[in-house]
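Report on one structure; see the data block that follows.
The values are calculated or read from the model by the stated rules, or taken from the named source; none is laboratory data. Please read these numbers as outputs of a predicted model, since none were measured by experiment. All Cβ positions, even for glycine, are placed from backbone atoms using ideal geometry, and neighbour counts span all protein chains on display.
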Amino acid sequence: MAPLQATPVQGTAEIVDRAPDRAATRVTVEAGEQVFPGHYPGFPIFPGVCVVEHIHLSALATTPEPGLRMEAIESTRFLSPVFPGDRLAIDLVWERKGEKWRCKAVAATPRGDSAKVRLRFSEGQDQ
């Protein structure tokens with residue numbers, strides 16, 4: 001039995017497009033997310049780490065081969081805030097680098113890009 005995966009986010013990504021080297025998911029950031037009361041009271045903003053987690057979960061759901069696990073966040077750039085009720089569109093591009101995989105992702109709201117993230121994956125069970 002696989003260990004339970006702890007995550008700070010509640011939404012589940014819907015896969016809307018999938019090809020061998022790319023994928024797209026969508027997830028709604030619900031107003032009831034448990035991170036909002038403390039980030040920031042009176043003006044809730046979805047934390048950047050939670051956007052990265054949605055990208056990570058989207059990548060795990062669309063890996064080009066089974067059994068990949070994330071081993072590093074290579075880069076992250078936050079471009080605009082994500083608010084309660086926003087629908088995140090996450091576009092992922094997969095590229096093999098030797099024995100590793102790189103996933104380049106862009107998360108966007110209807111207002112434009114909110115984050116650009118690059119993740120590195122290797123073979124093995126995600127923990």
Please work out which residue is farthest from Ala72 (Cα to Cα), limiting yourself to segment 1-28 and to residues that are of a type in the set (Ser, Thr, Tyr) and part of a loop (DSSP other than H, G, I, E, B). Thr12
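Going through segment 100-118 one residue at a time, which ones are touching a residue at least 24 places away in the same chain (Cβ under 8 Å) and either surrounded by fewer than 19 Cβ atoms within 10 Å (Cβ to Cβ) or of a type outside the set (A, V, I, L, M, F, W, C) (or both)?
Matches in segment 100-118: Lys100, Arg102, Thr109, Pro110, Arg111, Gly112, Asp113, Ser114, Lys116, Arg118.
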Close pairs (6 angstrom Cβ cut-off, 6 or more residues apart or separate chains): free of Cβ contacts under 8 Å to residues at least 40 places away in the same chain in segment 67-86, aliphatic (A, V, I, L, M) and part of a loop (DSSP other than H, G, I, E, B) anywhere: Pro81/Ile45
Scan segment 102-120 and give yes if some residue there is modelled with pLDDT under 95 and not aliphatic (A, V, I, L, M), otherwise no. no
Under 6 Å by Cβ, and 6 or more places apart or on different chains, what pairs join a residue from segment 25-45 that is over 13 Å from Gly85 (Cα atoms) with one that is of a type in the set (Gly, Ala, Ser) and assigned to a helix (DSSP H, G or I)? Thr25/Ser58
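Counting only residues that are hydroxyl-bearing (Ser, Thr, Tyr) and surrounded by 20 or more Cβ atoms within 10 Å (Cβ to Cβ), which one in segment 43-99 is farthest from Ala6 (Cα to Cα)?
The selected residue is Thr62.
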Go over the candidates Glu33, Glu53 one by one and state the one that is modelled with pLDDT under 95 and of a type outside the set (Lys, Arg). Glu33
